[in-house]
Ligand code: ADP
């Protein structure tokens, strides 16, 4: 499990992005951090793989304070998928996926064979393996991004608004694919979105955030829908309409 204990983050310009945040993220479940733009979701997510370090407090994984773990080493066990897919434009699809294990010491041939299997896993035709990212649709690029996030076989998968830039129909497909992946692969998924419908669809645990990453409510979708904790939550989930 991942645990945030009294975590704050103040950026150099004085912005308090995260204000005394506490959360337990259970293993092998999907936890969704949902809130408006600027509420601190991405900052929280990036603290899990040390792209951002807290100003105060600790983040631990399975009981180990991650401030003592080298970021490069930490990221071997944590996949990261972002909105613009993060693919390397001059690498073919297969190499975008294979690069991660190769950097971790897996022989190239083996990594490429695994990459093809991962294309199957995320529902992409292997015929696309030799294309460049620009030759794929937005939805296909995001699938490659997910394959890349899974390439090192991480226990934890961080997903930052991964489907924010694709059209609604493709988005719905990718959401279903994410549910299937979670069921089959049994990862600890931490998913960031501003879309409450997406949060309720994907989350076992949903964390609704206000500015400063203050927790407005935390619970299963059913719990939150049945009993919004405040007017803010009721408005946010549309229950006041
Ligand atoms: P969200 O993901 O919910 O949109 P972020 O975590 O990106 O929110 O940002 C939270 C707050 O921190 C915002 O006010 C944002 O402007 C600020 N912020 C994020 N990154 C930086 C940074 N590198 N330097 C200064 N302020 C930042």
From 120, 127, residue being without any contact (Cβ under 8 Å) to a residue 12 or more places away in the chain and closer than 18 Å to residue 173 by Cβ: 120
Is it fair to say residue 34 is free of Cβ contacts under 8 Å to residues at least 24 places away in the same chain and within 11 Å of residue 207 (Cβ to Cβ)? no
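I'd like to verify a number: residues in segment 50-60 that are away from the ligand (no atom under 13 Å from the Cβ) and either surrounded by fewer than 21 Cβ atoms within 10 Å (Cβ to Cβ) or modelled with pLDDT under 95 (or both), how many?
5
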Looking at segment 162-179 only, could you name the residues that are within 24 Å of residue 24 (Cα to Cα) and loosely packed, with under 14 Cβ neighbours inside 10 Å? 179
Every listed condition ((1) touching a helix residue (DSSP H, G or I) at 6+ places or on another chain (Cβ under 6 Å); (2) buried (at least 16 other Cβ atoms within 10 Å of the Cβ); (3) without any contact (Cβ under 8 Å) to a residue 24 or more places away in the chain) holds for residue 115 save (3)
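For residue 32, indicate whether it is modelled with pLDDT of 95 or more, within 16 Å of the ligand (Cβ to nearest atom), surrounded by 21 or more Cβ atoms within 10 Å (Cβ to Cβ) and not in a helix (DSSP H, G or I).
Criteria met by residue 32.
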Any idea which residue in segment 189-216 is nearest to residue 229 (Cα to Cα), counting only those that are out of contact with any helix residue (DSSP H, G or I) (no Cβ under 8 Å at 6 or more places or on another chain) and more than 16 Å from the ligand (Cβ to nearest atom)? 205
Conditions (1) more than 22 Å from residue 5 (Cβ to Cβ); (2) crowded, with 23+ Cβ neighbours inside 10 Å: number failed by residue 183: (2)
Let me spell it out: the conditions are (1) within 15 Å of the ligand (Cβ to nearest atom); (2) in a loop (DSSP other than H, G, I, E, B), and residue 27 meets all of them except one. Which number is the exception? (1)
Would you pick out the residues in segment 35-49 that are in a loop (DSSP other than H, G, I, E, B), within 13 Å of the ligand (Cβ to nearest atom) and buried (at least 16 other Cβ atoms within 10 Å of the Cβ)? 39, 40
Please indicate, with yes or no, whether at least one residue in segment 176-194 is over 30 Å from residue 117 (Cβ atoms) and in a loop (DSSP other than H, G, I, E, B). yes
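The values are calculated or read from the model by the stated rules, or taken from the named source; none is laboratory data. Treat the numbers as computed from the prediction; the structure is a model and nothing was measured. Note that each Cβ is placed from the backbone with ideal geometry, even for glycine, and that neighbours are counted across all protein chains shown.
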